[in-house]
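What follows is one structure encoded as structure tokens, with my remarks underneath.
The values are calculated or read from the model by the stated rules, or taken from the named source; none is laboratory data. Note that this is a predicted model, so its numbers are computed, not measured. Cβ placement follows ideal geometry from the backbone for every residue including glycine, while neighbour counts extend to all protein chains displayed. All accessible areas refer to the heavy atoms of the entire protein, side chains included, with ligands and DNA or RNA removed. Shrake-Rupley method; radii C 1.70, N 1.55, O 1.52, S 1.80 Å.
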Amino acid sequence: MAAQISNPIAPCRRIKLNVGGKFFETTLSTLQSAGPDSLLAALSNRAAYNPIFIDRDPEIFSVLLSLLRSNRLPSAALRRFSIHELAEEALYYGVESRLRSASLPSPLHGIDAAIVDTIRPASDAVPSTFSAGEDGSLWIAHGGQISIYDSYLSYSTAVRTHLDDITSICRVWPEIAAVGSESSSGLHIYDLSSGHYTGSVHWTDQDDPRIYKARVCAIANSPDSVFVSFDCPHRENSVLVIDKSTLQVSSELTRQSGSAAKNTFPGKLTWLPETSLVIGSAVTCGAFGYSGYIRIWDPRNKEVVWETNEPGSGRSSRFGDSFADVGVDIDDSILFKICSKSGDLAMADIRKLGDDPWVYMEDTNPSMREASYGGNEVHLHCYKRQVFVGKDGGLEVWSRLNERGGWSEQRGDSENGRDEMSLKRNYVDKVEMGERGLIKRIEGGGERLFVSRENVEGIEVWESSNHSAIISVSS
């Protein structure tokens with residue numbers, strides 16, 4: 001007799017639920033697809049002959065049930081409900097990971113990216129800078145505060161700092177920000193999860209009276225250290241290495257006097273994971289055009305392993321066409337620069353640097369060969385093996401293609417020692433300078449590209465156009 005007793009649920013593949021007074025019927029496998037630790041999987045194991053009652057919103061449950069059935073959100077879901085409402089209910093049922101994967105953008109391909117929205121903080125809406133997270137979240141600095149948006153780009157909170165303005169911001173941990181200001185000295189650390197100020201780091205030297213009121217110009221992060229570019233009123237500048245475990249200065253990577261262009265402070269710092277090198281660049285623009293340097297340090301011995309100055313000694317094949325901006329592809333250890341006069345893009349393999357390592361890109365897209373450059377300020381940003389360039393208010397992308405025209409994930413070594421690479425240039429957005437404003441900053445995060453413009457409120461959110469779930473956000 002005992003052998004004939006079985007689980008009363010197992011033969012029944014249909015489960016009835018009563019959510020907030022509305023009845024649903026689904027299958028056992030659909031509920032269990034929510035995961036073994038979810039509430040729905042736990043309810044599916046209960047022996048119940050009457051509908052199981054759940055005192056929650058039935059309309060949102062309908063969306064989540066559809067998500068479990070098809071692994072995607074209904075097209076109208078984000079028009080009916082905010083992502084915050086969906087996320088709150090998904091957390092209750094234990095399906096937040098399924099919601100996240102279904103609602104985040106498709107892989108970012110600059111060639112088909114489009115603006116899906118502009119995030120505008122409630123006050124002081126012209127951003128001074130911003131930081132994008134690996135999960136697609138966003139921190140916007142405006143005035144002396146930081147507005148925080150999660151990976152759904154839903155507004156979370158705002159943290160007021162003691163600074164009047166913030167011009168540099170870097171994520172040193174997921175919830176910890178290192179910030180600096182051109183109007184105040186020091187690097188300041190804030191826990192954005194609690195809004196608490198946790199400490200400051202200053203560049204000082206009791207033996208050198210010129211070292212005072214040092215302001216932060218650039219920040220780079222690594223697993224163990226934070227690299228910070230400081231500049232003093234008398235143009236003394238340095239790059240300090242800060243130990244993340246103690247938030248104390250561990251070493252001084254370089255110190256120089258900024259009386260000449262080749263000794264000015266680095267306005268960009270990048271830490272390279274493959275080699276643990278630190279890349280700094282400085283660009284100045286005067287009556288005679290652009291000038292600057294690119295310098296690579298090894299923090300382990302504090303030595304310069306490579307540098308170049310432009311205008312240089314004439315060894316460069318583009319002498320007189322100095323770079324206007326520099327970017328680093330940290331995935332493939334490639335250095336990119338954009339020329340100030342011609343607007344041409346050049347690349348150099350960081351592992352094979354020499355006196356003149358630059359290879360200048362040629363358009364493989366016939367429609368772009370006549371594209372002109374107005375000579376205004378340009379910005380360059382490397383992200384996901386793509387190079388985004390802001391020129392004259394428009395946005396271009398240089399995309400890496402394989403032989404079949406698809407997206408290449410790896411490089412192959414050619415016989416002549418140079419890595420083979422095919423780049424195609426396209427407009428992401430072609431606008432006149434006055435239509436939307438000059439691009440001030442470009443940064444990638446998750447599968448999104450974020451763009452700010454000079455004296456324009458908000459941050460533009462760019463996603464690949466095949467992502468249909470467009471999210472509208474505001475604080």
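Structure above, values below:
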| read-out | value |
| --- | --- |
| Residues (under 15 Å from Leu153 (Cβ atoms) and open to solvent by less than 20 Å² (accessible area, probe 1.4 Å)) located in the stretch 106-123 | Leu108, Ile119, Pro121 |
| Qualifying positions in the stretch 37-56 - more than 15 Å from Gly94 (Cα to Cα) and among the basic types (Lys, Arg) | Arg46 |
| Residues of the stretch 198-213 classified as in contact with a strand residue (DSSP E or B) (Cβ under 8 Å, 6 or more places away or on another chain) and closer than 16 Å to Leu247 by Cβ, total | 6 |
| Conditions (1) open to solvent by less than 60 Å² (accessible area, probe 1.4 Å); (2) modelled with pLDDT of 85 or more: number failed by Glu85 | (1) |
| Out of Lys213, Lys244, sole residue that is under 29 Å from the mean Cα position of the chain (by Cα) and of a type in the set (D, E, K, R) | Lys244 |
| Residue in the stretch 240-250 that is assigned to a strand (DSSP E or B), small (Gly, Ala, Ser), open to solvent by 50 Å² or more (accessible area, probe 1.4 Å) and without any contact (Cβ under 8 Å) to a residue 40 or more places away in the chain present | yes |
| The stretch 131-157, residues that are under 16 Å from Pro174 (Cβ atoms), in contact (Cβ under 8 Å) with a residue 40 or more places away in the chain and touching a strand residue (DSSP E or B) at 6+ places or on another chain (Cβ under 8 Å) | Ser131, Ala132, Gly133, Glu134, Asp135, Gly136, Ser137, Leu138, Trp139, Ile146, Ile148, Tyr149 |
| Scan of the stretch 191-224 for residues that are out of contact with any Phe, Trp or Tyr (no Cβ under 7 Å at 6 or more places or on another chain) and among the small types (Gly, Ala, Ser), ordered by number | Ser193, Ser194, Gly195, Gly199, Ser200, Ala218 |
| When residues of the stretch 297-332 are limited to those that are of a type outside the set (D, E, K, R), at pLDDT 95 or above and within 25 Å of the chain's Cα centre (by Cα), the one most open to solvent (accessible area, probe 1.4 Å) | Ile330 |
| Residue count for the stretch 181-218, restricted to those that are over 18 Å from Ile148 (Cβ atoms) and either without any contact (Cβ under 8 Å) to a residue 60 or more places away in the chain or in a loop (DSSP other than H, G, I, E, B) (or both) | 26 |
| Verdict on Lys16 being open to solvent by 60 Å² or more (accessible area, probe 1.4 Å), over 32 Å from the mean Cα position of the chain (by Cα), basic (Lys, Arg) and at pLDDT 95 or above | no |
| Subset of the stretch 205-233 [loosely packed, with under 13 Cβ neighbours inside 10 Å and at pLDDT below 95] | Gln206, Asp207, Asp208, Pro209, Arg210, Pro233 |
| Segments classed as strands (runs of 3 or more DSSP E), wholly inside the stretch 357-450, with at least 3 members that are at pLDDT 90 or above, open to solvent by 20 Å² or more (accessible area, probe 1.4 Å) and not aliphatic (A, V, I, L, M) | 378-383, 439-445 |
| Breaking point among (1) at pLDDT below 90; (2) outside any strand (DSSP E or B), for Arg351 | (1) |
| Failed item in (1) in contact with a Phe, Trp or Tyr (Cβ under 9 Å, 6 or more places away or on another chain); (2) within 30 Å of Leu78 (Cβ to Cβ), with Phe227 passing the rest | (2) |
| Qualifying residue in the stretch 43-66 (condition: touching a His at 6+ places or on another chain (Cβ under 6 Å) and surrounded by 14 or more Cβ atoms within 10 Å (Cβ to Cβ)) | no |
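Residue-wise test of (1) open to solvent by 20 Å² or more (accessible area, probe 1.4 Å); (2) within 18 Å of Gly458 (Cβ to Cβ); (3) among the polar types (S, T, N, Q).
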residue	(1), (2), (3)
Ile146	no, yes, no
Asp150	yes, yes, no
Ala158	yes, yes, no
His162	yes, no, no
Pro174	yes, no, no
Ala178	no, no, no
Ser181	no, no, yes
